[in-house]
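J.: The following block contains the structure, expressed as structure tokens.
Values in this text are rule-based calculations from the coordinates and carry no lab data. This one's a predicted model, so the numbers in the text were calculated from it and none came from an experiment. Using ideal geometry, Cβ is built from the backbone for each residue, glycine included, and neighbour counts are taken over all protein chains shown.
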Amino acid sequence: MKVIPRSAFGQTVLLIGFLLFVNQVVSYISFALYVIEPNQQQINQLLAKQIRVVFIDIKDAGLRPKMAEVFHRETGIGVYREQDALKLGLATAGYYPYRSEQMSALLGGPAEVRISQGDEYLFWIRPPQAPNLWVKIPLLGLEEANFSPLIFFLGIIGVLSVAGGWVFVRQLNRPLKSLQRAAEDVGRGDFPEPLTEHGTSEIMAVTQAFNHMSKGIKQLEQDRNLLMAGISHDLRTPLTRIRLATEMMLEVDDFLKEGIENDIDDMNNIIDQFIDYIRHDSKDKAELGDLNALVEEVLNVETPADRHIHFIAKPCPELPLRHVAVKRALANLIQNALRYTQGDIEVVTGHELDQGFAYFIVSDQGEGIPEAEIERLFQPFTQGDTARGTEGSGLGLAIIKRIVDTHGGRVELSNKAQGGLQAKVYLPLKF
């Protein structure tokens, strides 16, 4: 578990909160050292002077009763033996070691200070002049010196400051969130409208650069599609003329005619794959759909009459799908499996809710592929099909990977322990 957030927003708010906390602690310590501590010293000095006045005529640790009575009547300060003091509130008074040390220094001997809070704020002091007596000194108004409001207001100020910093940083980072979403759209092949340039000067500069880059990529994509459409048209026209010419060939040249027609079909398939790779269904928008229903649609079309494909449909929630693109990816995997094995083919669907993915698996019983070649098979024009007995254009798996990447998913190839190849495609439950 990471305590420090990874986002700039979270780190900035945490930094503001930390600095405010340090500021509050320093303020409180400064207040304690320069306000509270001098105030306590003045109170202790006042109490020490009063103790000296009480025992100014002491002789042999005795106190004139008449003097004590008059002093109590005029000042409220009383002198009691310990048993009497316990009855008057000494028993509930709290012991204060720090004040006792200070009082001992002021009175020139060991003294003990206790404080009780009730209707009155009472100081109980055992002076070194009369260790068997307790002096009770009431201080009116001291109970009002409560520092809880100070701590409360410091806390309120800290909370409001952090909240204000959170709002400020959130407002500052809002253009970055828009920029992130737009970058993800461009990565999937969608080109959003130019972003509004607002925020700080640095963010505006980044937004302007992104808009320029997105416009350039969009124009590049359009030029590439136009180029491929032109090449496709220009190539298919002579291929059509060649096919027409083969229809006029004599029967004695049937073997030659058949070879030419097969070559034409192969060239048309290669052109189709080029177009599929370039286009990757950029106009196909993601919509919530049922993965199991989509797989059934593809199987109804792609399953040959003389072959059987086992379909194991597990419960799967609806997820955002580019239906045409995902159908093409699944169809390519099924066609590859049908081409490279004569055994049964299995298609399995399911989902991993904790990971946020749904998946479909296409597995066959062919010869598999060497482990060292699996990763490079996803690169365009890489032919790994010779490992399974035939040759291909090298674009099939590249097309599948590109389709899956536009969904924010991933595709994995692996050899099964019992033989055969397995392709597992993960698609996110949220786009």
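J.: How high is the FRET efficiency between Lys215 and Leu288 when r is their beta carbon distance and R₀ equals 25 Å, given to the nearest 0.05?
T.: On the way: r = 30 Å, r/R0 = 1.22.
That gives a FRET efficiency of 0.25.
J.: I need the chymotrypsin sites (Phe, Trp or Tyr not before Pro) found in segment 147-247, filtered to DSSP loop residues with at most 15 other beta carbons within 10 Å of theirs. Provide the component values of the computation, followed by the final result.
T.: Working: sites: Phe147, Phe152, Phe153, Trp166, Phe168, Phe210; in loops: Phe147.
Passing both the DSSP loop test and the Cβ count: Phe147.
J.: Sticking with this one: Taking the highest mean first, how do the peptides 97-106, 305-314 order by number of other beta carbon atoms within 10 angstrom per residue?
T.: Numbers: 97-106: 16.0, 305-314: 11.5.
Final packing ranking: 97-106, 305-314.
J.: For Glu82 paired with Leu14, estimate the spin-label separation in nm (one decimal), with each label point 7 Å from Cα along the Cα-to-Cβ line.
T.: Going from the Glu82 label point to the Leu14 one covers 5.6 nm.
J.: Which entries in the list Lys215/Lys327; Lys177/Lys430; Lys218/Lys327; Lys215/Lys401 go over 21 Å, if you measure between the two C-alpha atoms of each?
T.: Numbers: Lys215/Lys327 30 Å; Lys177/Lys430 17 Å; Lys218/Lys327 25 Å; Lys215/Lys401 25 Å.
Exceeds cut-off: Lys215/Lys327; Lys218/Lys327; Lys215/Lys401.
J.: From the backbone phi of segment 321-338, what are the Karplus-calculated ³J(HN,Hα) couplings (6.51 cos²θ - 1.76 cosθ + 1.60, θ = phi - 60°) in whole Hz, Gly and Pro given as x?
T.: Result, ordered by residue: 9, 8, 4, 4, 5, 5, 4, 5, 4, 5, 4, 4, 5, 5, 4, 4, 5, 5 Hz.
J.: When the Cα centres of segment 203-275 and segment 12-45 are compared, how far apart do they sit, in Å?
T.: For segment 203-275 versus segment 12-45, the Cα centre distance is 76 Å.
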